[in-house]
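A short write-up of the structure that comes next.
The values are calculated or read from the model by the stated rules, or taken from the named source; none is laboratory data. The model shown is predicted, which means the values in this text are computed figures rather than measured ones. Glycine gets a Cβ as well: all are built from the backbone with ideal geometry, and neighbour counts include every protein chain shown.
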Amino acid sequence: MNEQFFKALADLSAENEIDKDQLIEKIKEGIIKAIKKEYPESEHIRVDIDPESGKLEMCILKEVMKVMFVDDPENEIYIGEARTYDPDVKEGDWVEIPVNPTKIGRVAAQNAKQSIKHDIKDFERNKLIEQYKDREHEIVSATVQKVEPATGNAVITIDKNEHYFYRSEQIPGEVLREGDIIKVYIVSLGGTERKQPVVKLSRTHKDLVKRLFELEVPEIADGTVEIKAISRIAGVRSKIAVWSKDKNVDAVGACIGPRKSRISAVVSELNGEKIDVINWCEDEAEFIAKALAPAEVLSVELLETERRIEHEGEEREFERVIKKCRVVVPNNQFSLAIGNKGQNAKLAAGLTNYKIDIIPEVQPEAAAEQGNAGDGE
């Protein structure tokens with residue numbers, strides 16, 4: 001029985017990555033609780049577990065008394081009876097009464113099992129918090145274990161921990177398969193006060209793009225090039241604005257890399273998502289024009305800032321600042337500036353934090369008037 005117990009102990013420790021000594025202490029506590037359940041009046045219980053020697057002992061300690069009829073038989077024992085366990089005991093000594101594991105009782109054994117299971121969950125919870133508390137807003141590699149055909153939700157492993165990866169956090173159009181190794185962004189670690197903390201993972205978050213560029217571009221990693229802003233429509237397109245504190249460094253060129261090697265690596269990880277890299281500048285009008293690339297911009301007019309009082313919940317209110325601008329583009333660039341389904345304009349707005357009103361150089365009414373004037377002449 002001991003051999004089976006210690007094999008199970010070793011497997012339990014390995015499977016849950018729990019320190020064996022800590023696990024033994026928890027198992028001891030569980031067994032003591034089980035014995036107390038069976039012998040509620042016993043005040044002194046000892047459990048010894050030694051994997052090295054293969055010793056598994058549990059006993060109740062009773063004080064040796066000279067009188068035959070002891071006052072507290074659960075904790076005291078007549079010396080004559082005590083000497084059946086240890087012939088050398090004297091009055092006032094403590095004698096160990098072995099507890100047969102089979103006599104603990106099925107209910108008590110079940111209590112020990114539940115206690116140990118609860119402790120293991122605590123270990124897993126604390127281990128999860130320890131592993132991820134300093135990794136929020138970072139990216140990690142994950143292995144796809146399985147994908148649910150009906151929902152598209154996946155189970156992935158990170159550092160031997162299984163996580164549920166929702167379809168809504170996967171890149172649209174991406175098909176995950178068992179065995180795939182993907183990069184995921186750790187958005188947050190929540191619910192640390194609950195029994196099971198929640199690690200929120202994403203491949204749609206815009207900062208995944210930022211972290212991928214940090215991995216691929218040494219100039220970003222060492223701070224020479226800085227990513228100033230990111231705007232993303234996951235699975236379709238991203239725009240990033242970059243800047244270098246070193247005037248001799250081409251920030252855009254550094255991100256693209258020799259023969260587009262660096263940006264291609266990021267695009268590949270993002271399942272072919274297109275990425276526009278532009279130079280950031282302090283001049284807001286100029287930056288807005290750059291953000292609307294590849295469309296040509298004729299002029300940018302910064303409009304008066306709008307301030308709104310909005311409410312969050314029933315009591316809290318806050319002021320929302322809306323920056324607005326009007327952009328004029330050549331007529332033949334209007335569709336390009338707006339983009340398919342408005343994507344280019346939306347990405348530019350997200351990158352610059354401006355509400356952008358895009359208008360063609362010649363309005364339809366003005367064009368009609370010019371046409372009439374020409375006819376008249």
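Tabulated data for the structure shown
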| quantity | calculated |
| --- | --- |
| Residue match in the range 19-32 (condition: at pLDDT below 90, among the acidic types (D, E), out of contact with any strand residue (DSSP E or B) (no Cβ under 6 Å at 6 or more places or on another chain) and not in a helix (DSSP H, G or I)) | yes |
| Residues that are of a type in the set (A, V, I, L, M), touching a Pro at 6+ places or on another chain (Cβ under 9 Å) and over 13 Å from V95 (Cβ atoms), drawn from the range 44-73 | L56, M58 |
| Test: A254 is among the small types (G, A, S) and buried (at least 17 other Cβ atoms within 10 Å of the Cβ) | yes |
| Flag for M58 being at pLDDT 90 or above and surrounded by 12 or more Cβ atoms within 10 Å (Cβ to Cβ) | no |
| Residue pairs meeting the criteria (Cβ under 9 Å; at least 6 apart or on separate chains; first on the phi > 0 side of the Ramachandran plot, in the range 128-142; second outside any strand (DSSP E or B) and surrounded by fewer than 14 Cβ atoms within 10 Å (Cβ to Cβ)) | none |
| Subset of the range 34-72 (residues that are under 43 Å from the mean Cα position of the chain (by Cα) and either assigned to a loop (DSSP other than H, G, I, E, B) or not assigned by TED's automatic domain parsing to the domain that holds Y85 (or both)) | P51, E52, S53, G54 |
| Residues of the range 82-96 that turn out to be within 19 Å of Y39 (Cα to Cα) and charged (D, E, K, R), as a count | 1 |
| Sole residue being modelled with pLDDT of 95 or more, within 16 Å of S268 (Cα to Cα) and more than 21 Å from the chain's Cα centre (by Cα), chosen from S238, S244 | S238 |
| Matching option when the condition is loosely packed, with under 13 Cβ neighbours inside 10 Å, closer than 23 Å to R83 by Cα and at pLDDT 85 or above, among E63, E41 | E41 |
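Residues checked against (1) closer than 15 Å to A289 by Cβ; (2) surrounded by 10 or more Cβ atoms within 10 Å (Cβ to Cβ); (3) at pLDDT below 70; (4) of a type outside the set (A, V, I, L, M):
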residue: G313; (1), (2), (3), (4): no, no, yes, yes
residue: V327; (1), (2), (3), (4): yes, yes, no, no
residue: L336; (1), (2), (3), (4): yes, yes, no, no
residue: G342; (1), (2), (3), (4): no, yes, no, yes
residue: K346; (1), (2), (3), (4): no, yes, no, yes
residue: I358; (1), (2), (3), (4): yes, yes, no, no
residue: E369; (1), (2), (3), (4): no, yes, yes, yes
